[in-house]
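Down below is the structure, laid out as structure tokens.
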Amino acid sequence: MPLTMTDPILVPPLKVVVADDDALQRAHASALLRKLGYDPYEAEDGAAALDLVRQLGARILLCDLNMPGLDGHELARSVREDKTDHYVHIIMVTSQSQSAERERALEAGVDDFMAKPLDRASLTARIRSADRLLRHEMLLAERNRVLAEAKEQIEADLRAAANAQRRMLPAPEARVGDCSFHSAFMPSNILSGDMFAYYQVAPGYIGFYAIDVAGHGVHASLLSVALGHLLTAEYFRRRAFDDTGAPNPAALVATLNERFFRQDSTEYFTMFCGILEQKSGRLHYCQAGAPSPVAIGPTGVTRQIGDGGFPVALLDMATFENRCDQLDSGETLVVYSDGATEAESLTGEAFGEARFRGVLEEAATRPGTIPGKMVEALTRWRNGRTLQDDLTILVCERTQQNDQVSR
Amino acid sequence: MIKFHGDAADGLGIVEPGTDRLTAANATSFKDDVLGLIEAGTSRLVIDLSKVDFVDSSGIGALVGLLKRIGHRGEIVVSGLSDNVSQMFRITRMDRVFSSYDTAEAALRALRENA
């Protein structure tokens with residue numbers, strides 16, 4: 001509900017504390033304030049005034065300069081030192097001869113001055129002015145509270161959506177057939193435009209994909225979640241094999257291109273879609289605009305898989321190719337989103353492919369540690385700042401016969 | 001933000017994004033600015049990326065969005081691709097979608113000859 005400056009705020013009259021050691025002056029000021037519709041509280045010295053201001057949450061303090069104990073300056077300074085969430089407007093009463101004291105008083109935190117003797121017209125003008133300012137502040141505070149509440153609600157909704165998104169992902173560690181999968185998934189801001197999955201799609205075939213919707217945030221996450229729901233093992237089975245039962249991941253990608261392309265939109269995504277033949281280790285894949293995955297042997301030698309391909313849903317004329325490679329026992333395939341290589345340091349330098357491969361080479365003998373090591377390296381590279389883009393690291397480790405899963 | 005050199009008479013022009021990074025942060029405003037030029041009558045455009053050293057997926061989306069909008073009524077080519085940007089164009093096959101020239105001048109000449 002938006003608040004405007006003209007919205008009235010229903011608040012009781014502001015509380016005013018009158019501090020003066022002279023009982024007559026106090027009574028005079030209180031009488032004037034009562035006529036203006038305020039409810040004044042009297043204090044006979046600075047310390048009593050400070051207590052009253054604190055206890056009552058008073059918004060206006062009318063104080064004499066000369067008082068025993070805490071004088072006007074000290075009282076103003078003490079009020080200012082209280083870190084309350086509301087402002088106390090301080091008006092100091094001085095005699096004509098004390099005009100030199102005013103600069104000091106301003107520094108102590110006094111807002112306005114009145115000369116003795118107090119007259120009704122000038123007190124009225126000053127109190128009304130203070131009242132205007134304070135009500136304006138209260139309006140802003142109320143507006144701030146409404147905004148903070150709305151922000152909290154939105155963030156709670158986003159976190160709930162992010163939890164739902166995370167629940168769609170496969171377990172960070174899982175074994176499918178003779179492969180161990182390890183993964184990291186980090187949204188740049190609560191929700192992610194990335195999505196991935198892996199599953200046994202047919203006897204002897206493991207299917208997997210990683211998707212990165214262009215851009216990031218809520219908008220990108222809506223599409224990534226829609227894709228996550230669509231791309232089930234069953235969908236893979238129906239779309240990623242041809243009539244003879246041979247793997248055809250490009251057919252699946254082409255179907256997605258047709259389904260999600262829109263002439264009037266630039267929303268698109270990149271994808272790596274793979275099918276691994278268990279017996280032979282043959283990897284059938286379609287690379288659709290995604291970074292080329294990296295294969296690592298147990299000795300740490302890396303090689304790039306694929307050299308590119310059209311992204312999905314960007315162009316209706318795009319064609320998609322099936323490619324083949326080999327992932328032998330003991331080899332590991334690392335699929336990732338560009339949030340890894342494009343992550344920038346404080347000086348704006350990209351993490352880059354060389355550093356990315358460096359991390360892989362170091363972790364080659366323990367592929368299960370790759371996602372964690374990569375996140376660590378990127379966090380160091382970013383000096384602890386959150387990533388600018390969503391990150392996915394999906395590691396497919398083809399374990400050797402009778403071999404234990406590396407951790 | 002964009003810089004434009006050209007005149008409406010022949011509908012030819014060179015656009016510089018006016019930034020060294022075409023990313024999610026500015027891709028939409030870049031696209032909207034260039035769409036303004038297209039609507040004002042520039043139908044054959046060189047997008048000169050010689051001062052751009054990074055284009056992300058949103059930047060690619062903006063370039064293709066322009067291409068979609070101009071359709072068969074005009075042409076968009078690119079020039080001055082750095083190694084980094086070339087690599088992005090290769091991996092996303094944009095090198096098959098956009099004709100690319102070493103310099104904006106060469107691109108402009110080619111557009112004139114094609115006319």
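Key figures
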quantity: Single residue of A:GLY215, A:GLY228 found to be within 30 Å of B:ASN26 (Cα to Cα), buried (at least 16 other Cβ atoms within 10 Å of the Cβ), modelled with pLDDT under 95 and not basic (Lys, Arg); calculated: A:GLY215
quantity: Residue check for A:ILE127: assigned to a strand (DSSP E or B) and either touching a His at 6+ places or on another chain (Cβ under 6 Å) or under 22 Å from A:LEU24 (Cα atoms) (or both); calculated: no
quantity: Residues that are more than 22 Å from A:ALA220 (Cα to Cα) and at the interface with chain A (Cβ under 7 Å from one of its Cβ atoms), drawn from region B:58-92; calculated: B:ARG90
quantity: Evaluation of A:SER224 against (1) within 14 Å of another protein chain (Cβ to nearest Cβ); (2) in a loop (DSSP other than H, G, I, E, B) (one fails), failing number; calculated: (2)
quantity: Filter result for A:PHE320 (under 21 Å from A:ARG238 (Cα atoms), at pLDDT 95 or above, within 11 Å of another protein chain (Cβ to nearest Cβ) and more than 29 Å from the chain's Cα centre (by Cα)); calculated: yes
quantity: Residue check, A:ALA290 within 37 Å of the chain's Cα centre (by Cα), surrounded by 21 or more Cβ atoms within 10 Å (Cβ to Cβ) and more than 20 Å from A:GLY207 (Cβ to Cβ); calculated: no
quantity: Enumerated strands (runs of 3 or more DSSP E) restricted to region A:272-316, each holding at least 1 residues that are under 18 Å from A:ILE393 (Cβ atoms), at pLDDT 95 or above and within 9 Å of chain B (Cβ to nearest Cβ); calculated: A:282-288
quantity: Some residue of region B:36-53 being aliphatic (A, V, I, L, M), out of contact with any Asp or Glu (no Cβ under 9 Å at 6 or more places or on another chain) and assigned to a helix (DSSP H, G or I); calculated: yes
quantity: Single residue of region A:323-361 satisfying the filter (more than 30 Å from A:GLU258 (Cβ to Cβ) and at the interface with chain B (Cβ under 10 Å from one of its Cβ atoms)) that is farthest from the chain's Cα centre (by Cα); calculated: A:GLU353
quantity: A:PRO371, sole failed condition from (1) under 30 Å from A:PHE261 (Cβ atoms); (2) assigned to a helix (DSSP H, G or I); calculated: (1)
quantity: Looking only at region A:182-191, and only at residues there that are modelled with pLDDT of 95 or more and small (Gly, Ala, Ser), the one that is farthest from A:ALA246 (Cα to Cα); calculated: A:ALA184
quantity: In region A:236-271, the residues that are among the acidic types (Asp, Glu) and within 14 Å of another protein chain (Cβ to nearest Cβ); calculated: A:ASP264, A:GLU267
quantity: Number of positions in region B:42-57 that are hydrophobic (A, V, I, L, M, F, W, C) and facing another protein chain (nearest Cβ under 7 Å); calculated: 0
quantity: Some residue of region B:6-17 being in contact (Cβ under 8 Å) with a residue 24 or more places away in the chain and assigned to a helix (DSSP H, G or I); calculated: no
quantity: Subset tally (residues that are within 16 Å of B:SER50 (Cβ to Cβ), surrounded by 14 or more Cβ atoms within 10 Å (Cβ to Cβ), under 14 Å from the mean Cα position of the chain (by Cα) and not β-branched (Val, Ile, Thr)) for region B:83-105; calculated: 7
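The values are calculated or read from the model by the stated rules, or taken from the named source; none is laboratory data. Just so it is clear, the structure is predicted and the values come from calculations on it, not from any experiment. As a convention, Cβ positions derive from the backbone with ideal geometry for all residues, glycine included, and neighbour counts pool all protein chains shown.
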